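Engineer: Provided herewith is a single structure, encoded as structure tokens, for subsequent inquiry.
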Amino acid sequence: MINKTAFITGATSGIGKATAVLFAKNNIRLILCGRRKELLLKLQKELSSDTDVHILSFDVRDNASVKKAIASLPANFSDIDILLNNAGNAHGLVSIQDGLVDDWDTMIDVNVKGLLYVSKAIIPIMIANNSGFIVNIGSIAAKEVYPKGNVYCASKHAVDALNKAMRIDLNPYNIRVSAIHPGAVETAFSEVRFKGDEKKASEVYKGFDALQAEDIADIINFVVTRPAHVNIEDLLVYPTAQANTTILNRRSYD
Ligand code: NDP
Ligand code: 8X3
């Protein structure tokens, strides 16, 4: 029986997509978001035998589109229980003095402002229900700053701060708030960071067993299925081979 509705940003790929697949198996009604409508349609088709799926194609950077998309939800999808703030990416890996302003704008606009726009549109629904669950996807980059990570790390430190702020400000409304901070997860993330350079992207995950999107989906599912009185506020999860942002025990490879 379907008894919860989840709103997932960044559902077209990686962690968001894997969470959608797992939530569908657990009979959670889904609102799947992303810019690439063809991927949303494909996923909707795949998951519709398991649960009800509604798709919303919008860019989280555009507040008017965010508001319009959420206002357009049909009645049976409008009571949102779980918000997964997952849409985000890194753009570039260069020293601050060489950084591109366009990349900085994109990371701040998507990872920080996009998360805020979506949250602002959905929090009133949760307040009205005196119930809800917000899961913010941060990163190991929310806890540490590493060479050439500058603005991406800053954007994820902001997610960490906003997660704490939501815990405080939403406390009177019985809304649970959690952040998951993954280390290296093998997704399209590095392809985006390196602007389509597949060779460079694949190097990131060579010689060790990186986390997979399904590992993070599993953790998200664990977090949102705790009893009503339990809130896991913050979780840092690494591949076994990774000690921190810069120490990785790689096997030698050709
Ligand atoms: P992917 O590149 O696979 O997925 C990113 C998702 O974000 C896509 O679904 C994309 O959808 C969406 N997205 C990006 N920009 C926008 C935008 N402007 N508007 C709407 N949606 C957008 O990467 P991951 O799954 O790895 O990343 C998911 C989250 O996990 C991100 O917040 C990332 O920072 C974080 N993370 C990733 C780690 C990793 O090593 N992979 C580690 C730690 C955290 P579309 O392009 O269709 O719009
Ligand atoms: C993604 C992990 O180490 O590339 O957030 O910042 S890292």
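The values are calculated or read from the model by the stated rules, or taken from the named source; none is laboratory data. As the structure is a prediction and not an experimental result, all values here were calculated from the model. Positions of Cβ are generated from backbone atoms using ideal geometry, with glycine treated the same way; all protein chains shown enter the neighbour counts. Note: areas computed on protein heavy atoms with side chains; ligands, DNA, RNA excluded. Shrake-Rupley method; radii C 1.70, N 1.55, O 1.52, S 1.80 Å.
Engineer: Taking a 1.4 Å probe, which of Ile108, Ile140 shows the most accessible area, and what order do the others take after it? Walk me through the intermediate numbers first.
Structural biologist: Values: Ile108 75, Ile140 10 Å².
Sorted descending by solvent-accessible area, the residues read Ile108, Ile140.
Engineer: Taking θ = phi - 60°, what integer Hz values does the Karplus form 6.51 cos²θ - 1.76 cosθ + 1.60 yield along region 85-97, in sequence order, with x for Gly and Pro?
Structural biologist: For region 85-97, the Karplus curve yields 7, 10, 4, x, 6, 9, 10, x, 9, 9, 4, 4, 5 Hz.
Engineer: Related question: Filter the trypsin sites (Lys or Arg not before Pro) in region 154-204 to those in DSSP coil with at most 15 other Cβ atoms within 10 Å of their Cβ, and list the result.
Structural biologist: Lys195
Engineer: Can you pull the one-decimal nm distance between simple spin-label points at Phe222 and Asp79, each 7 Å off the Cα toward Cβ?
Structural biologist: 3.0
Engineer: May I ask for the Kirkwood hydrodynamic radius of the chain, worked out over all distinct Cα pairs and given in angstroms to one decimal?
Structural biologist: 18.5
Engineer: Related question: Within the set of other residues whose C-beta is less than 12 Å from the C-beta of Ile15, count the net charge using Lys and Arg as +1 and Asp and Glu as -1.
Structural biologist: Working: positive: Lys17; negative: Glu186, Glu214, Asp215, Asp218.
Result for the neighbourhood of Ile15: -3.
Engineer: Between beta-carbons, use under 12 Å as the cut-off and find the net charge around Ile122, counting Lys and Arg +1, Asp and Glu -1.
Structural biologist: With Lys, Arg at +1 and Asp, Glu at -1, the neighbours total 0.
Engineer: Go through Lys25/Lys164; Lys156/Lys195; Lys4/Lys67; Lys37/Lys120; Lys25/Lys120 and tell me which ones have a Cα-Cα distance over 25 Å in this structure.
Structural biologist: Result: Lys25/Lys164; Lys25/Lys120 exceed 25 Å.
Engineer: Assuming R0 = 22 Å, what is the FRET efficiency of Lys120 and Asn174, from their Cβ-Cβ distance, to the nearest 0.05?
Structural biologist: After rounding, the FRET efficiency stands at 0.70.
Engineer: Could you order Tyr205, Tyr173, Tyr117 so the one with the most accessible surface comes first? Probe is 1.4 Å.
Structural biologist: Tyr173, Tyr117, Tyr205
Engineer: Once you have the Kirkwood Rh of region 129-197 from its Cα pairs, apply Stokes-Einstein at 37 °C and 0.692 mPa s and quote D in µm²/s.
Structural biologist: Answer, rounded: 245 µm²/s.
Engineer: Still on this model: Have a look at Tyr152, Leu22, Phe189 and report the one farthest towards the positive end of the charge dipole of the chain, computed about the Cα centre with Cβ charges (Lys/Arg +1, Asp/Glu -1).
Structural biologist: Leu22
Engineer: Taking the Cα centre as origin and putting +1 on Lys and Arg beta-carbons and -1 on Asp and Glu beta-carbons, what dipole magnitude results for the chain, to the nearest 20 debye?
Structural biologist: Numbers: 28 positive and 28 negative charges, 65 e Å.
It comes to approximately 320 debye.
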